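Step one of this worksheet: look at the structure below.
The values are calculated or read from the model by the stated rules, or taken from the named source; none is laboratory data. None of the values given here were measured: they were computed from a predicted structure. Cβ coordinates were reconstructed from backbone atoms using ideal geometry, including for glycine residues, and neighbour counts include every protein chain displayed.
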């Protein structure tokens, strides 16, 4: 974990999928399909998806300038015309152990919402990580991203308690989504060591 995250009183939440050999099996609704980046035209499609998802302009250079970039790590859900409408990336990071991949930059075009495409794009990224030999996968998210958190829980991600603020924040989130059953999975205190699942 980077020192800047440790110093931040409210860093982004971290979730961990502990076993990429145990990925859920879901069928993508027609006419959608999944694939990895295949041409430079996908760069503009990615920029549109991410910019519309995050309401902030993004350039594909964010991906290509990163030393962990590989075209096969950028996954898309495409429509019937093979036009990307959702995306997620399977990434790598020095912030985590070598066996952990990272879900990175998930987004869906608003006009294609309601089809669980963020879930399917994330699932494609998980499969890519497994194919590359990663054993586990992590992601960072924010407390207010409740729909995304529900997706990640469905995919098998669990809170990784790597900061003292995380326990109470996760309790609040689980109460908001009526998953009080998950509160019992959280440690009662953070000791800076044994509660870190990474």
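This table checks each residue for (1) in the same structural domain as residue 190 (by TED's automatic domain parsing); (2) touching a residue at least 40 places away in the same chain (Cβ under 8 Å); (3) out of contact with any strand residue (DSSP E or B) (no Cβ under 8 Å at 6 or more places or on another chain).
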| site | (1), (2), (3) |
| --- | --- |
| 113 | no, no, yes |
| 119 | no, yes, yes |
| 122 | no, no, no |
| 126 | no, yes, no |
| 129 | no, yes, no |
| 140 | yes, yes, no |
| 157 | yes, yes, no |
| 162 | yes, yes, no |
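Taken together, the residues in the range 80-98 that are more than 21 Å from residue 12 (Cα to Cα) and surrounded by fewer than 17 Cβ atoms within 10 Å (Cβ to Cβ) amount to 4.
So is residue 40 modelled with pLDDT under 95 and either over 23 Å from residue 142 (Cβ atoms) or touching a strand residue (DSSP E or B) at 6+ places or on another chain (Cβ under 7 Å) (or both) or not? Judged against the criteria, residue 40 is a match. Among the candidates 28, 20, the residue that is within 20 Å of residue 150 (Cβ to Cβ) and either modelled with pLDDT under 95 or surrounded by 14 or more Cβ atoms within 10 Å (Cβ to Cβ) (or both) is uniquely 28. Taken over the range 99-111, residues that are touching a strand residue (DSSP E or B) at 6+ places or on another chain (Cβ under 7 Å), under 25 Å from residue 52 (Cα atoms) and surrounded by fewer than 15 Cβ atoms within 10 Å (Cβ to Cβ) amount to 0.
Consider the range 24-37 and keep the residues that are out of contact with any strand residue (DSSP E or B) (no Cβ under 8 Å at 6 or more places or on another chain) and touching a residue at least 12 places away in the same chain (Cβ under 8 Å). The one that is nearest to residue 79 (Cα to Cα) is 31.
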